[in-house]
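First the structure, in the form of structure tokens, and then the observations on it.
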Amino acid sequence: MAILLTGGAGYIGSHTAVAFLDAGVDVVLADNFDNASPKVLDRIEAITGKKPKCVRADMCDKQAVEKIFAENEITGVVHFAGYKAVGESCRKPLKYYRNNLDSALTVLEVMKKHGCTRFVFSSSATVYGDQPAPLTESTHTGDCSNPYGWTKYMIEQILKTACDADPDLSVVLLRYFNPIGAHPSGMIGDNPNGIPNNLMPYVTQVAVGKLPRLNIFGDDYDTPDGTGVRDYIHVCDLADGHLAAIRYAENHVGCEVFNLGTGVGYSVLDIVKTFSRVNNLDLPYAIAPRRPGDLATVYADPKKAETVLGWTAKRTLDDMCRDSWNWPKQNPNGYEE
Ligand code: UDP
């Protein structure tokens with residue numbers, strides 16, 4: 001019996017694989033390695049002492065997904081697989097709709113055929129659009145500002161209606177806030193292609209010396225120091241949230257949604273200062289114009305996950321900044337030697 005982690009070799013998938021294996025839950029990873037390295041498997045084994053089973057497969061390929069279900073006893077799915085670059089989604093919306101919707105639908109159809117009824121979905125706080133923080137699970141959704149966000153919103157709708165029609169189906173939608181950090185071993189971490197768009201991978205590339213300075217996108221927001229405020233969450237806390245979610249799905253039917261955040265907002269300057277202090281280095285930065293589409297303040301109300309799942313984020317901002325640096329410090333070229 002195993003849980004299928006689609007996109008299991010990616011940033012959040014690999015940390016979730018470690019959390020599941022450490023908890024004694026067997027996993028099968030499936031990944032097309034479009035945006036992940038097969039080397040992550042040896043690293044997961046080095047951390048956990050267990051070699052995870054992994055299948056190279058695209059989740060849009062129905063035959064390949066069928067084969068995974070035929071050859072393994074899959075009792076639940078955590079669906080990470082999907083394209084995730086906001087900027088690229090604006091340039092290539094059809095690519096995002098085709099891939100993200102198709103892969104989710106394919107996995108759901110094959111699950112149904114094989115009598116597998118538990119599905120945990122990687123959603124995102126981006127489904128809330130521009131709503132005032134703190135965001136609760138009942139805050140209005142659906143004013144997404146990019147196709148990536150719309151794919152998350154649309155898949156949420158697909159899953160809700162699938163549950164309405166199938167009394168056996170159990171779906172947990174997890175709306176992530178801003179995952180950063182890495183496993184404290186420094187052996188796995190975020191490994192984006194090209195110049196990063198997200199704050200922390202950009203910060204670490206500046207710290208490594210690959211980029212000259214961080215550009216802070218705006219210091220005139222209506223926030224305590226004028227820079228944007230987000231709910232950063234340690235990726236290992238996020239991984240633990242998936243364990244709580246799949247356990248919840250084992251004992252419930254229907255569709256439930258949970259925010260995975262800390263409930264605390266930090267500014268870009270908070271990140272710069274904390275990162276510099278805990279890692280004892282200078283991080284060059286400059287104030288730049290606002291980035292189009294950015295919001296001033298986004299943070300979660302995480303109470304529902306605490307009450308219903310018994311999960312809370314435990315790691316501090318110091319932990320997040322230290323572990324974020326530990327990974328590129330040991331692996332300046334990611335998974336490449
Ligand atoms: N940010 C920044 N410089 C960068 C990347 C991001 O100042 O090079 C800011 C961005 O404006 C936002 C915060 O950092 O306030 C988090 O941005 P990220 O892209 O990581 O997440 P998102 O905007 O999707 O929440």
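The values are calculated or read from the model by the stated rules, or taken from the named source; none is laboratory data. Keep in mind that this is a model prediction, so the values were computed, not measured. Every residue, glycine among them, receives a Cβ derived from its backbone with ideal geometry; neighbour counts consider all protein chains shown. Please note that ligands, DNA and RNA were not included when accessible areas were found on the heavy atoms of the full protein model with its side chains. Shrake-Rupley method; radii C 1.70, N 1.55, O 1.52, S 1.80 Å.
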Q) What pairs come up if the first residue lies in the range 94-105 and is in contact (Cβ under 8 Å) with a residue 24 or more places away in the chain, the second is open to solvent by less than 60 Å² (accessible area, probe 1.4 Å) and among the aromatic types (Phe, Trp, Tyr), and their beta carbons are under 7 Å apart, counting only those six or more places apart or on different chains? A) TYR96/TYR83; TYR96/TYR148; ASN99/TYR83; ASN100/TYR83
(Q) Yes or no: the range 251-274 includes at least one residue that is assigned to a helix (DSSP H, G or I), within 16 Å of the ligand (Cβ to nearest atom) and buried (at least 22 other Cβ atoms within 10 Å of the Cβ). (A) yes
Q) Name the residues in the range 195-230 that are modelled with pLDDT of 95 or more, within 11 Å of the ligand (Cβ to nearest atom) and among the β-branched types (Val, Ile, Thr), would you? A) VAL203, VAL206, ILE216, THR223, THR227, VAL229
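Taking the range 70-105 as the region of interest, how many residues are part of a helix (DSSP H, G or I) and either within 16 Å of the ligand (Cβ to nearest atom) or open to solvent by less than 10 Å² (accessible area, probe 1.4 Å) (or both)?
Filtering the range 70-105 down to residues part of a helix (DSSP H, G or I) leaves 70-71, 86-91, 93-105.
The next check asks that each one be either within 16 Å of the ligand (Cβ to nearest atom) or open to solvent by less than 10 Å² (accessible area, probe 1.4 Å) (or both); those that pass are 86-90, 96, 100, 103-104.
Within the range 70-105, residues that are part of a helix (DSSP H, G or I) and either within 16 Å of the ligand (Cβ to nearest atom) or open to solvent by less than 10 Å² (accessible area, probe 1.4 Å) (or both) number 9.
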Q: Pick out the one residue from PRO192, PRO134 that is modelled with pLDDT under 95, within 16 Å of the ligand (Cβ to nearest atom), open to solvent by 10 Å² or more (accessible area, probe 1.4 Å) and closer than 24 Å to HIS234 by Cα.
A: PRO192
Q: Please work out which residue is nearest to GLY115 (Cα to Cα), limiting yourself to the range 32-69 and to residues that are assigned to a strand (DSSP E or B) and among the basic types (Lys, Arg).
A: LYS53
Q: Quickly run through the range 314-337 and pick out the residues that are open to solvent by 40 Å² or more (accessible area, probe 1.4 Å) and within 15 Å of THR204 (Cβ to Cβ).
A: ARG322, LYS329, GLN330, PRO332, ASN333
